[in-house]
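Notes for the one structure printed next.
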Amino acid sequence: MGLQSGRVGTSNNIQTNGSSKTRQPTYGIVFEVITDADSETGKDKGAPGAAAIGAIRFRALGPTTANVSSNSELSLAYPLDKNTLTIPTRNEIVIIHNFGGNPHYSRMGGELSPNFSAISNLISSTFIPKQGSSSSPKSAKKYNNVSTTGIERTDSNPGKSEFDGYGDYFIRNEDIHKLKLYEGDTLLESRFGQSIRFSGYNNSENKFAPTITIRNGENPNSLQSGIGASTEENINEDGNIIFLGSGEKLLEWTLPTKNKRESFIDYPSELKGNQILLSSDRIILSAKTSEMIFSSKGNTGFITDGYFTIDATKGINITSDNHIHIDTHNRDINLSVGSGTIALGTDGEMEAAPKGETLVDLLGELIDLVVQQIYVTPAGPSAPGPTSVAQFASLKAKLNTILSNTVQLK
């Protein structure tokens, strides 16, 4: 068996001596999915290492199907498209395509939830006969009928088979819903509530406005919907959203903060046109070796209900061609420089600022000395102090008025 798991075409026509022969696809039930390069199954089947990753071990459905006891002889099938890979689970029915003797598989649709498309005991109920019953296998017709309802029916042999279940750790979750579609959509949708949608009309008025929506995780409210319901991306509630919008598509996003955004000048009243939204519980941007550049032709704002902090190793430079305004709403502004200095003013020679309380004390001492001074005259020493002692005392009482109520210096 060849190892190519390749980028194959969609045609099942095989050329033989110049003639065209159509080979119809068959159906198979998945027994095992190879997810690791160290898989013993892959090595046993002659597909060691990474070549076997994504391949499945399957048994074809048909009247000549053997019992499970010969599972060691099961065939391998490789993904039909190796660049877009959605692997099935155990007990899932897949389409088997044969190209030049190399089986390839593709998954089928029709289930209510994208999370699961298998009956947990399909292998045992199909290939392991009940006691006293015929050993001929059941057809896939029963599976097709059940898969359309998404409800598992177990009428298989009593007891749990080693082949029951969906794999080693995959757990069925029927709360995951399919996405609502819009005409012309291209959609990549996983089993787990992740999706990438390329759409042109996904707006309330179905007007042409191309968008790309990347979602990781269906939101909790949507998960509460009934089985069989469809859902749609919600930029305010889904776990993670990256949205690329355009045209008249209105982005119905609301700020997650209680902050009144008083400092944001000309905050947009509508979110339309070319725009990108990245929304999550936590966002981390990391530039490991070079610059991180934020550039905006319009206004730039940071809105937070928490602290806004900057930790810089080499310093912080701010250059503004207009006024800088800081409003703390009756809260303090603290500049702590340790043994450093604070320079206020334009370029040129700087002078040290006086300390308020120290200046008040020194001026008070000066006034006391003036009041207590004695003058030497021809008639002898004068009485202590000038005649305006009362005025000096009044001036001393006013010295504290030179102290600022808001600015503190160390």
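Annotations
- Restricting attention to region 106-127, the residues that are of a type in the set (F, W, Y) and touching a Pro at 6+ places or on another chain (Cβ under 7 Å) add up to 1.
- The lone exception for S11 - which of (1) surrounded by 12 or more Cβ atoms within 10 Å (Cβ to Cβ); (2) modelled with pLDDT under 85; (3) within 42 Å of the chain's Cα centre (by Cα) it fails: (1)
- Unique residue being free of Cβ contacts under 8 Å to residues at least 40 places away in the same chain, assigned by TED's automatic domain parsing to the domain that holds L255 and not aliphatic (A, V, I, L, M) when the list is T304, T341, T346, T319: T319
- Yes/no for K396 being among the basic types (K, R) and in the same structural domain as F264 (by TED's automatic domain parsing): no
- Looking only at region 110-126, and only at residues there that are among the hydrophobic types (A, V, I, L, M, F, W, C) and part of a helix (DSSP H, G or I), the one that is surrounded by the fewest Cβ atoms within 10 Å (Cβ to Cβ): I123
- Qualifying residue in region 174-185 (condition: within 18 Å of L250 (Cα to Cα), buried (at least 17 other Cβ atoms within 10 Å of the Cβ) and assigned by TED's automatic domain parsing to the domain that holds L223): no
- Within region 212-227, the set of residues being of a type outside the set (A, V, I, L, M), more than 16 Å from S279 (Cα to Cα) and surrounded by 13 or more Cβ atoms within 10 Å (Cβ to Cβ) comprises S222, S225.
- Only one entry in I283, I241, I276, I293 is more than 27 Å from P220 (Cβ to Cβ) and in the same structural domain as R215 (by TED's automatic domain parsing), namely I293.
- Residues that are under 30 Å from V407 (Cβ atoms) and β-branched (V, I, T) were ranked within region 356-396; the one that is nearest to the chain's Cα centre (by Cα) is T358.
The values are calculated or read from the model by the stated rules, or taken from the named source; none is laboratory data. Owing to the predicted nature of the structure, the values given are computational and were not obtained by experimental measurement. Every residue, glycine as well, gets a Cβ built from its backbone with ideal geometry; the counts of neighbours run over all protein chains shown.
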